[in-house]
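In what follows, a single structure is set out as structure tokens and then discussed.
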Amino acid sequence: MQLRPVFAVSLTLLAVPLTSHAASPGTSVGTTPSSVAIVELFTSEGCSSCPPADALLRQINLKQTNAGQLIVGISEHVTYWNNLGWKDPYSSPAFTDRQSVYASRLSSEGSYTPQMVLNGRDQFVGSDGSALERALRDDARREHFALSIISSTPTTEGIDVKFAFAGSPSKPLDIIAILADDTDRSNVLRGENSGRQLQHVSVARSMTRVATVRDGGEQVVHVSFPEGLSAITGAGHHLILFAQEPHQGAIVGATTAPF
């Protein structure tokens, strides 16, 4: 296995003003976001440079910028650190593959940890708050489509979701569903973070393409629970939906709700 590059960058607090959008995914507020910025963090519990990036994601998740953007973070734990002393319990080959697709398009360095990707367009070191601030400002000037969850009904095997999409994109868009833990903690026993308790926010447990949209309208889809999350409902988990250009291109609309 080829070891990916690792960057050690100090956590930089964002200069862009942020306000709390919600204390949890289920808390409502009066301000409607002008757009949603999906911030994907590719991370690993085996990487000693990743905890500062995890901390930055905790700082920004579910915050709203003065430009009206709601920041929705997603922790996607990769697998290529798993044979270097500690197997990350949240890692999945699906997230490793997803990062590889982004790297082929966005990153001259290839895949590395920690890496953030904002709305499928901008990539930067995951602990670099200044780079995140610049990406947020750039994204605020781009076109976004409205995507909303009308209802979500848990079943024994998953969640039945009714959603609405508004707009006329130039090409069909994939609707991606993520089931995520609100927060997770691990006591790491081996590897580069041995002896540390690590904290994560918005930890992706599954990622599935559930629909395609070509124009505005409503659809009903079923999102299956992954193994180990079966029949778990209530506080502590949330659903993220986003509309993404084919072949894992730009994310142009997103929303989130608890389940």
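General observations
- Semi-axis lengths, largest first, of the ellipsoid equivalent to the range 129-210 are 32, 23, 10 Å, with √(5λ) applied to each eigenvalue of the Cα gyration tensor.
- Local electrostatic count, HIS238, Cβ distance below 11 Å [Lys/Arg +1, Asp/Glu -1]: -1
- Net charge of the neighbourhood of SER224, taken over other residues with C-beta under 12 Å away and scored Lys/Arg +1, Asp/Glu -1, is -2.
- Summarising the label geometry, the points placed 7 Å from Cα in the beta-carbon direction at GLN197 and THR212 lie 4.8 nm from one another.
- A 1.4 Å probe run over the protein chains yields, for the range 175-259, 44 Å² of accessible area per residue, whole-number rounding.
- Couplings for the range 244-250, taken from phi via the Karplus curve 6.51 cos²θ - 1.76 cosθ + 1.60 with θ = phi - 60°, read 10, 4, x, 6, 6, x, 6 Hz in order; Gly and Pro are left as x.
- For LEU62, distant residues with modelled amide H under 5 Å away: ILE71, VAL72, GLY73
- Total formal charge among the other residues, if their Cβ is under 15 angstrom from that of ALA94, Lys/Arg +1 and Asp/Glu -1: -3
The values are calculated or read from the model by the stated rules, or taken from the named source; none is laboratory data. The model shown is predicted, which means the values in this text are computed figures rather than measured ones. FYI the Cβ positions are ideal-geometry reconstructions off the backbone, even for glycines, and counts take in every protein chain you see. Note: areas computed on protein heavy atoms with side chains; ligands, DNA, RNA excluded. Shrake-Rupley method; radii C 1.70, N 1.55, O 1.52, S 1.80 Å.
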